[in-house]
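Trainee: Got a structure here, written out as structure tokens. Questions coming.
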Amino acid sequence: MAAAVDLRHPEIMNAIPIPVFLVDDDVRILDLNAAASGSFGVSRETVRLRRGGDTLHCLHSTEVPEGCGRAPACKACVIRDSVTNSVKGASTTRRRMRFEVVTGAKKAELELLISASPFPQGGQNVVLLMVEDITELSRLRSIIPICSQCKRIRNEAEFWQQVEAYFHDYIGVDFSHGLCPACLKEVYGDYVKKTPA
């Protein structure tokens, strides 16, 4: 088993606003920052020395009893590949990957940017692993199927939803409502007070 990593200044890691993990060559978590703890709902005590895929609920970690890193799909894992390269001295910067997670019976796909860098710590081969979740940005940049008449959006289940419901369900965005000046005039016409110029 890997020895404990002694971070002299954990406040530096906690100042980084994206999830950061310190991992060993088998992607076992040695430490994590506050952003990682908050983003993934885990604590240092519960994830210490557990492999990343097991901790982050990677779909492939459940395919074999041995867990993270042992399933056939793990050979193509960007996280595992980036950590392996970092142990050998090479850094990875913002490499994009699709990450399938499973919580209970529900599956979800995340878009992540993975950065990894060697982090010499007391003679150990430790890797600083940064995980940026860009799922929202990817969804916003993708083509959204919208009805040209009623403006409903077709979701992944092939149901048509109001724009507000779609953005709330898939991106976590809520809307406030109002009327632009042109619609205000169209809807309320003569009732709108004209302001002097």
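Since every read-out is calculated from the coordinates, none of them should be taken as a lab result. This structure is a prediction, so every number in the text was calculated from the model and none was measured. Quick reminder, even Gly has a Cβ in these numbers, built from the backbone with ideal geometry, and neighbours come from all protein chains shown.
Trainee: How big is Rg to Rh over the range 10-138, alpha-carbon atoms, Rh as the Kirkwood inverse-mean-distance radius?
Mentor: 0.93
Trainee: Rank Ala76, Ala157, Ala90 by mean-square fluctuation in a GNM of the chain with C-alpha springs under 10 angstrom and give only the top-ranked residue.
Mentor: Ala157
Trainee: Phe99: net charge of surrounding residues, Cβ under 15 Å, Lys/Arg +1, Asp/Glu -1, itself excluded?
Mentor: Summing Lys and Arg as +1 and Asp and Glu as -1 gives 0.
Trainee: Calculate the dipole size of the chain relative to its Cα centre from +1 charges on Lys and Arg beta carbons and -1 charges on Asp and Glu beta carbons; express the result in debye to the nearest 20.
Mentor: Here the chain has a charge dipole of around 400 debye.
Trainee: Please get the size of the charge dipole for the range 143-191, origin at its Cα centre, with Cβ charges of +1 on Lys and Arg and -1 on Asp and Glu, quoted in debye to the nearest 20.
Mentor: That gives the range 143-191 a dipole magnitude of about 140 debye.
Trainee: Which value in nm describes the separation of the simple spin-label points at Thr62 and Glu109, placed 7 Å from the Cα toward the beta carbon?
Mentor: Modelled inter-label distance: 1.7 nm.
Trainee: Here's a follow-up. If r is the Cβ-Cβ distance from Ser43 to Asp133 and R0 is 25 Å, what FRET efficiency results, to the nearest 0.05?
Mentor: With a Förster radius of 25 Å, E is 0.85.
Trainee: Can you tell me which of Ile153, Ile134, Ile79 moves the most in a GNM of the chain? Springs connect C-alpha atoms under 10 Å apart.
Mentor: Ile153
Trainee: Report, in cubic angstrom per residue, the convex hull volume of the C-alpha atoms of the range 143-191.
Mentor: Looking at the range 143-191, the number lands at 103 Å³ per residue.
Trainee: Taking the Cβ of each residue in His177, His60, His168 as the centre, tally the other Cβ atoms inside 10 Å and list the residues starting with the fewest.
Mentor: His177, His168, His60
Trainee: Determine the calculated [θ] at 222 nm for the chain from helices alone, applying -39500 (n - 2.57) to every DSSP H run no shorter than 4 residues and normalising by the residue count; nearest 500 deg cm²/dmol.
Mentor: Computed mean residue ellipticity for the chain: -7000 deg cm²/dmol.
Trainee: Of the residues Arg44, Arg139, Arg152, which exhibits the maximal mean-square fluctuation in a Gaussian network model of the chain defined by a 10 Å Cα contact cut-off?
Mentor: For the chain, modelled as a Gaussian network with Cα springs under 10 Å, the answer is Arg152.
Trainee: Using the Cα centre of the chain as origin and beta-carbon charges of +1 (Lys, Arg) and -1 (Asp, Glu), tell me which of Val173, Ala105, Leu49 is placed farthest towards the positive end of the dipole.
Mentor: In the chain, that residue is Val173.
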